[in-house]
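The values are calculated or read from the model by the stated rules, or taken from the named source; none is laboratory data. Quick caveat: nothing in here was measured; it's all calculated off a predicted structure. With ideal geometry, Cβ positions are generated from the backbone for all residues, glycine too; neighbour counts draw on all protein chains shown.
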Amino acid sequence: MGGVFGVVSNNDCVTDLFFGTDYHSHLGTKRGGMCVYGENGFNRAIHDIENSPFRTKFEKEVEKMSGTMGIGCISDSEPQPLTVFSKMGDYSISTVGRINNKKQLVNELLQSGCNQFMSMSGGEINNTELVAALISTENDFITGIRYAQEKIEGSITILLMTPEGIYAARDKYGRTPLIIGKKKGSYCVASESFAFINLGYKTAMELGPAEIVFLTPSGFGTIVEPGEKMRICTFLWTYFGYPTSTYEGVNVEEMRYRNGTKMAEKDLDIEADYVAGVPDSGTAHALGYANKSGIPLARPLIKYTPTWPRSFTPQNKKTRDLIARMKLVPIHSLIMDKKLVMIDDSIVRGTQLTGTVKYLYEYGAKEIHVRSACPPVMFGCKYLNFTRTVIDKDLITRRTIEKLEGGNVTREILEEYVDNKSKRHANMVEDIRKQLNFTSLKYHTLKDMLEAVGINKCKLCTYCWNGKE
């Protein structure tokens, strides 16, 4: 996915930029970058963070960089921020999102006079460079940003820093959040609301869909009003978001607690010794479940955070499976001969949870009842890359449906599998249970999960669960 952070200040901003960007590390593991603007113009640094945390890679830059404005990014894809020389002047840009019509946009730009694009390793064009090229076709930054928002199919949230200030633009339908913080002499903008709390900032506003705000050390103001239609990603609450984050007035930890409570209300016949969350994002769901059900909460598996602090894992399956095992350390006495309810934030491919359950059985678990804190994931995300490389056929639900239907799967058949009251849905869940060797398996319902979020369901994106935009 990815996250961005920006600062404008009357004083040097590098320390705030460094820590604010670092607080987005749970959103990506591939690239980290910072760019500051000061007396010597733009100064940028980008590092690979796949094997080392952002903080360790940028400690030297913090000592060398200086400036009163800056933007930073944690990315699960392309290196950024980029620095750009254009007819509108020099600027630096960072983005979060996904571009589904990239090939079309590149061809249009090449045909209209754009002579070249730099290619990354593997031949791909940097998404942020493409966004910059779209912006630069217009005569001013505001018109350019709006043009990019309209042209891109998918979503794109933008921080664009000029010598005068920072333009902050939330994506067209608000699928990703963007929040402004303020303290004396400084303003910041972040993907995650908690990223600036310990830096002394207080929340000033949350941008609406397609809203554009301009920030300077003396203040900020809306220059393009927000649109009416919102489709914020619901997975921000169930999985992506850090527990201390708040989106649209709803805190992640509180939503997960309510979500777990609702799960327990529909699971009254379960008998178990302990309820446990799959670390870390399943923990709050499990806490709500345990308190409602009366089954004690326990932590039979502890995540070894000193060396495995981040949630996302490598694309290589062999390495991914190894890391999934190595980062969880068992407590034998809480597993041996115990009946466990294991609550996970979601079941996507099913591979990591399979390894976790196998691990528990190896340590003597008697029964393992798995509960997913969201409905079955039926469609690969086409807006935010929340599962990065996952496409429909990688999902355990779609593989199971293909097997059950003999490969003949129409949209009408898929709709039946989405319906949690249908026989086809029940057959799919039972088949997945057998594949993954669970004692029992239940998925949360879409209705109850959306109620746990608590905002108007028309503002929430549920595409990955029901295919509806």
Among what's in the range 137-160 and is buried (at least 21 other Cβ atoms within 10 Å of the Cβ) and touching a Gly at 6+ places or on another chain (Cβ under 7 Å), pick the residue that is farthest from Leu105 (Cα to Cα).
-> Leu159
Scan the range 262-280 and report the pairs whose first residue is more than 16 Å from Thr356 (Cβ to Cβ) and whose second residue is in a loop (DSSP other than H, G, I, E, B) and among the hydroxyl-bearing types (Ser, Thr, Tyr), with Cβ atoms within less than 8 Å and a gap of 6+ or a chain change.
-> Lys266/Thr445
So which residues in the range 272-295 are within 16 Å of Ala365 (Cα to Cα) and either part of a strand (DSSP E or B) or modelled with pLDDT of 95 or more (or both), if there are any at all?
-> Ala272, Asp273, Tyr274, Val275, Ala276, Gly277
Filtering the range 409-425 for residues that are within 29 Å of the chain's Cα centre (by Cα), closer than 29 Å to Thr356 by Cβ and of a type outside the set (Asp, Glu) leaves a count of 5
Of all residues in the range 212-248, count the ones that are modelled with pLDDT of 95 or more, small (Gly, Ala, Ser) and over 25 Å from Ile142 (Cβ atoms).
-> 1
Return the pairs, sorted by first residue and then second, in which the second residue is surrounded by 10 or more Cβ atoms within 10 Å (Cβ to Cβ) and part of a strand (DSSP E or B), the first residue lies in the range 105-119 and is outside the structural domain of Gly154 (by TED's automatic domain parsing) and at pLDDT 75 or above, the beta carbons are less than 6 Å apart, and the residues are 6+ apart or on different chains.
-> none
Consider only pairs whose beta carbons are under 6 Å apart and that are at least six residues apart or on different chains; among these, list those whose first residue lies in the range 40-69 and is within 23 Å of Thr128 (Cβ to Cβ) and whose second residue is assigned to a helix (DSSP H, G or I) and among the basic types (Lys, Arg).
-> His47/Lys57; Ile49/Lys57
Does Tyr187 satisfy the condition of being aromatic (Phe, Trp, Tyr), over 25 Å from Glu228 (Cα atoms) and in a strand (DSSP E or B)?
-> yes
When only residues in the range 47-67 that are more than 26 Å from Gly97 (Cβ to Cβ) and surrounded by fewer than 20 Cβ atoms within 10 Å (Cβ to Cβ) count, which is nearest to the chain's Cα centre (by Cα)?
-> Thr56
Restricting the search to the range 284-299, which residues are touching a Lys or Arg at 6+ places or on another chain (Cβ under 9 Å), surrounded by fewer than 22 Cβ atoms within 10 Å (Cβ to Cβ) and closer than 23 Å to His26 by Cβ?
-> Leu287
